[in-house]
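**Q** Just passing along the structure, written as structure tokens.
Rule-based calculations on the coordinates, nothing more; no lab input. Predicted, not measured: the structure shown is a model, and the values here were computed from it.
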């Protein structure tokens with residue numbers, strides 16, 4: 001796919017900005033983030049099986065999912081502060097393996113001409129060290145692979 005993920009950090013700031021375009025409308029991309037069955041099919045690297053264990057995708061809701069392979073299991077959870085269908089998700093994100101290192105993630109979904117869309121994201125971390133840990137754990141590669149899997153699901157929908 002030609003939809004490259006852009007990942008940028010700001011010097012001295014515990015922020016990561018991301019931008020990714022999709023060959024589908026914003027409403028469809030948002031729905032893939034809001035539906036637990038669809039979400040579990042694309043989130044993260046393909047080497048992991050993802051199981052959603054808690055899902056209440058609405059403003060004030062919560063979520064939790066577990067990813068596992070033959071060697072390990074990783075659980076993630078968060079609170080959804082704002083869920084505005086087709087437009088925006090503001091949520092927290094926490095890996096159970098690094099408790100108390102919660103990021104605040106803001107995702108804006110924008111329609112583009114030709115039935116395309118874009119997600120503009122910002123993740124705010126409690127510290128530069130926490131942000132760097134996320135980068136070192138392969139955040140960019142995991143996002144790229146997950147979004148590539150999402151591209152395939154959006155085409156087949």
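**Q** Alpha carbon centre of region 13-36 versus region 104-144: separation in Å?
**A** 9
**Q** Most fluctuating residue of 142, 12, 78 in a GNM of the chain with Cα springs under 10 Å: which is it?
**A** Taking springs between Cα atoms under 10 Å, the residue moving most is 12.
**Q** When the helix-only estimate is applied to the chain (DSSP H runs of n ≥ 4, each -39,500 (n - 2.57), divided by the residue count), what is the mean residue ellipticity at 222 nm, nearest 500 deg cm²/dmol?
**A** That comes out to -8000 deg cm²/dmol.
**Q** Rounded to two decimals, what is Rg over Rh for region 1-56 when you use alpha-carbon atoms and the Kirkwood radius?
**A** Ratio of gyration radius to Kirkwood radius: 1.04.
**Q** Quick one: among 28, 79, 141, which has the greatest mean-square fluctuation in a GNM of the chain with alpha-carbon springs under 10 angstrom?
**A** Result: 141 has the largest fluctuation of those listed.
**Q** For region 6-156, what are the per-bin percents of Cα-Cα distances with bins 5 Å wide, up to the bin holding the maximum?
**A** Answer for region 6-156: a P(r) of 2, 9, 18, 24, 23, 16, 6, 2, 0 percent.
**Q** Select from 23, 133, 71 the residue whose mean-square fluctuation is largest in a Gaussian network model of the chain (Cα-Cα springs shorter than 10 Å).
**A** Ranking 23, 133, 71 by mean-square fluctuation puts 71 first.
**Q** Let me ask something else. Multiply the residue separation of residue 35 and residue 149 by 0.36 nm, subtract the distance between their alpha-carbon atoms, and state the gained length in nm to one decimal.
**A** So the extension gain works out to 39.5 nm.
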